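Comments concern the structure below.
The values are calculated or read from the model by the stated rules, or taken from the named source; none is laboratory data. Computed from a predicted structure; not experimentally measured. Cβ placement follows ideal geometry from the backbone for every residue including glycine, while neighbour counts extend to all protein chains displayed.
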Amino acid sequence: MDYRDSHEERAFRARFRAWLAENNPGLPASSTDDAYWQRQAEWHTALYRAGFFGLSWPKRYGGHELPTVFDVILDEEVARASAPPRPSLGYLVQGLTRHANDIIKDRFLPGLISGQERWCQGFSEPDAGSDLAALRTTAILDGDEYVIDGHKIWTSYSDVADWCFLLARTDATVAKHKGLTAFAVPMNQAAIEQRPLKMINGITTEFGQVMFDGARVPAANMLGDPGEGWRVAMTIVSHEREPGELGYQARYAKTVKELEKKVAAAPESFRNDVRESVAWAYVQTEMLRLHVCRRLSERLDGVDHGPGGSIDKLLMTWTEQSVGAAAVAVAGSSAITDSENVELKTYLYSRAQSVMGGTSQIQKNIIAGRILGMA
Amino acid sequence: MDTRDTPEQAELRRSARQLAANLGVRSVGDLDDLDRRARLAAAITDAGWLELRDDSGDGSPLASAVEAAIVADALANAVADAAFLGPLLAKDLARRAGLELPVATTLAFNPRLDGPGTATGSATSATAEAVYAVDARGAAEALVLIDEGKGLHLGSITLGSLAETDRGNDLTRAVLTIPTGTAVRPLAGSGEISSADLVQLQALGLALTCADLVGGMRGVIDVSVEYVKERRQYGVAVGSFQAVQHLLAEAHVLMEGSLSVSLHAAWAVDALEPSAALVAARIAKTYCARAARTINETAVQVHGGIGNTWECIVHVYLRRALLSSLLFGDDAAQLNALADDRLGVH
């Protein structure tokens, strides 16, 4: 057991720190400001070109084949420099790597990792949220294409996406989990309509609805086999629940640092419960960092696609929401009196973490059933 | 970075859990089985676990705090009712003073239990403040710090007749009350205990109490999950109800988070500067003590009426967790110390 950097890790950390000192774009937090998403693509490209993105992924697709623990170092340095977090694409990469054929992987992974091609994820629907397998979007074979009709929701960044990782029903005659298939659907077509959603905290560039009205996708763009869609989706959501794939702890650490700075500037003007709230957010953020260290170290034995992601998701959720609670506590009355108050936005955004990627209640069902054997 | 156990650590973890499972406490009735308890204490001694923090010859301990934490976790997992933490800490402190302890000795704590007990006096005679000898089962002596006005040195209290007095409310580890004015024997040749020594001792104590809390969490969750799978109401196992499932799922997640912080705190004791090790330990203790409280209360709840009776083992875990939380300072104390550190003193 050793938390210290190895020789290679230390050299990587130094190299990244030096690069970051020159190249930190100083963007506002993704969770509170639309300006972040307007420039996120630039940040992704800059990280990729400098050799700091896709650290653990195959070189064939633009990665570096480093041990997964290098992502911890990257996240720590990003947090230290208050730089924007790395783009959260690991779960799509895991999904494609595990389920797609070699032609698809060669076609799509390089663009996904380099950021040249942008992706969104079309899973949830208005009547298929937690009960994802109830989704009704259909894909009907027509020659060598599938025709897509349906309505997706909670689709992040669909307005800038080139491709949608879509889950659709290809067989209505079998049990609901068995009739689903995944596709890479080109977004640039007239039969797809974007409808942005304004979030609880006022940001508008993150969430949207996507309407498919006779959109077309080549059959060759199928991700996995026909009927394999549910398994593909479960691989993706299990990794979408892992803070190690997402790099969110860098975002939390950055917010905590800003809150600490604010309180430390005038310690006498904050009540003790506010101080405790900020210190607790720090403890949670450190817990999450150390938990990711442990999880990514365990991956040195091989990647596990099992239910453990649900544990990590809850720890991440409790951390983000403790940071949100600290933010609104530090803001005090200005959370309400100041219409531009950023702490209120942080707090409001944090409430989504217990819903997105599977609600906390769904995670607890998975843990009770598949880990504790209580189902 | 590789936070996995080394092969040796994995083997120690396996053998410590095996020993604790064989000789630990599985029911409240087991607490009266003195033969079992004696075999447990002997097995801990034979395994050499009480000597993990003894001098290796150059002033450094024989084993790191990681190995000590592995044992602490395993023993708490089976609510083991034989001394480990107290004697281990006493030996760690003695090593710092350049002493060997000839008889079974534990550590005395101050009245808040958040640090070593103290005495006032000289190099030849001293008397104790009110202190508590913690983890005193089988101990003949308890160490205190003597403040002679020119640095801290070690002294020892003979427990003798005290051993038959009130043993405290943790049913697995004896806590003896030592009244103010009890004679303290200054230990000849005791080197000075520096403030850095005390910081490291606190980091070690916090890390090991965290490991103890985590082991207890895993034990009490296992007991609870097993119970709700068997206990039937409305014709079904109560563990089939989502309300019960979610309580135990939360408990499991809190245990996993606690494990992540406590492993790091144990590693930090010997690998980082004392002040950084203490920060790691404070973070871990804040998280683990809060988690342990929630988890043990959940365990009482899911056991229903039985969980509120003396014969249900859950309160044995809860009581142990309350003591481990208090030792070297509870979550509130650590959180406030972290806040002062990071936010400026109020």
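Looking across region B:255-295, just one residue is under 13 Å from B:ASP331 (Cβ atoms), within 9 Å of chain A (Cβ to nearest Cβ) and surrounded by fewer than 23 Cβ atoms within 10 Å (Cβ to Cβ), and that is B:ARG290. Here B:LEU198 clears all of (1) of a type outside the set (Lys, Arg); (2) modelled with pLDDT of 95 or more; (3) in a strand (DSSP E or B) except the condition numbered (3). Among the residues of region A:306-314, are any over 22 Å from the mean Cα position of the chain (by Cα), within 8 Å of chain B (Cβ to nearest Cβ) and without any contact (Cβ under 8 Å) to a residue 60 or more places away in the chain? Checked region A:306-314: no residue is over 22 Å from the mean Cα position of the chain (by Cα), within 8 Å of chain B (Cβ to nearest Cβ) and without any contact (Cβ under 8 Å) to a residue 60 or more places away in the chain.
Here is a check on your reading of the model: is B:ARG112 touching a helix residue (DSSP H, G or I) at 6+ places or on another chain (Cβ under 6 Å) and basic (Lys, Arg)? No, not satisfied. Among the criteria (1) of a type in the set (D, E, K, R); (2) in contact with a helix residue (DSSP H, G or I) (Cβ under 6 Å, 6 or more places away or on another chain); (3) crowded, with 19+ Cβ neighbours inside 10 Å, the one A:GLU76 does not fulfil is (2). If the condition is being in contact with a Phe, Trp or Tyr (Cβ under 7 Å, 6 or more places away or on another chain) and not in a loop (DSSP other than H, G, I, E, B), then region B:91-130 contributes B:ALA108, B:PHE109, B:PRO116. Mind checking which residues of region A:1-37 are more than 19 Å from A:TYR248 (Cα to Cα) and of a type outside the set (A, V, I, L, M, F, W, C)? Passing the criteria: A:ASP2, A:TYR3, A:ARG4, A:ASP5, A:SER6, A:HIS7, A:GLU8, A:GLU9, A:ARG10, A:ARG15, A:GLU22, A:ASN23. For B:ASP73, the conditions (1) under 15 Å from the mean Cα position of the chain (by Cα); (2) away from chain A (no Cβ under 14 Å) all hold with the exception of (2). Here B:HIS346 fulfils each of the conditions (1) part of a loop (DSSP other than H, G, I, E, B); (2) more than 9 Å from chain A (Cβ to nearest Cβ) apart from (2). Taking the listed residues A:ILE113, A:ILE103, the one that is under 29 Å from A:SER158 (Cβ atoms) and loosely packed, with under 14 Cβ neighbours inside 10 Å is A:ILE103, with no other qualifying. Counting the residues of region B:148-184 that are surrounded by fewer than 16 Cβ atoms within 10 Å (Cβ to Cβ) and in a strand (DSSP E or B) gives 3. Inclusion of B:ARG53 among residues that are in a loop (DSSP other than H, G, I, E, B), away from every other protein chain (no Cβ under 14 Å) and in contact with a Lys or Arg (Cβ under 8 Å, 6 or more places away or on another chain) is warranted. Being in contact with an Asp or Glu (Cβ under 6 Å, 6 or more places away or on another chain), closer than 18 Å to B:LEU75 by Cβ, in a helix (DSSP H, G or I) and touching a residue at least 40 places away in the same chain (Cβ under 8 Å) holds for only one residue in B:LEU323, B:LEU263, and it is B:LEU323.
Suppose we filter region B:20-50 for residues that are in a loop (DSSP other than H, G, I, E, B) and more than 18 Å from the chain's Cα centre (by Cα); how many remain? Qualifying residue count for the region: 4. Restricted to region A:125-161, and to residues there that are of a type in the set (Asp, Glu) and touching a Ser or Thr at 6+ places or on another chain (Cβ under 8 Å), the residue that is surrounded by the fewest Cβ atoms within 10 Å (Cβ to Cβ) is A:ASP149.
When A:ARG295, A:ARG275 are screened for being among the charged types (D, E, K, R), crowded, with 22+ Cβ neighbours inside 10 Å, facing chain B (nearest Cβ under 9 Å) and within 15 Å of B:SER258 (Cβ to Cβ), only A:ARG295 passes. Restricting A:VAL174, A:VAL210 to those that are part of a loop (DSSP other than H, G, I, E, B) and within 22 Å of A:SER130 (Cα to Cα) reduces the list to A:VAL174. Is it the case that some residue within region B:136-151 is away from chain A (no Cβ under 14 Å), β-branched (Val, Ile, Thr) and closer than 14 Å to B:ALA90 by Cβ? Within region B:136-151 (the criterion being away from chain A (no Cβ under 14 Å), β-branched (Val, Ile, Thr) and closer than 14 Å to B:ALA90 by Cβ), the answer is yes, since at least one residue qualifies.
Go through region A:335-375 and give me each residue that's in a loop (DSSP other than H, G, I, E, B), within 14 Å of chain B (Cβ to nearest Cβ) and in contact (Cβ under 8 Å) with a residue 12 or more places away in the chain. Within region A:335-375, A:GLY358, A:THR359 meet the criteria. Of note, A:GLU286 satisfies the criterion of being surrounded by 22 or more Cβ atoms within 10 Å (Cβ to Cβ), acidic (Asp, Glu) and at the interface with another protein chain (Cβ under 7 Å from one of its Cβ atoms).
Of the set (1) part of a helix (DSSP H, G or I); (2) within 21 Å of A:ARG241 (Cβ to Cβ), all apply to A:TRP57 but (1). Contact map, region B:99-122: first residue at pLDDT below 95, second residue among the basic types (Lys, Arg), Cβ cut-off under 8 Å, separation 6 or more or different chains; pairs are B:LEU101/B:LYS91. Candidates in region B:230-243 are the residues that are farther than 23 Å from B:ALA291 by Cα and assigned to a helix (DSSP H, G or I); of these, the one that is nearest to the other protein chains (Cβ to nearest Cβ) is B:SER240. Could you list all residues from region A:316-374 that are buried (at least 21 other Cβ atoms within 10 Å of the Cβ), hydroxyl-bearing (Ser, Thr, Tyr) and more than 16 Å from the chain's Cα centre (by Cα)? Residues satisfying the conditions are A:SER322, A:THR346, A:TYR347.
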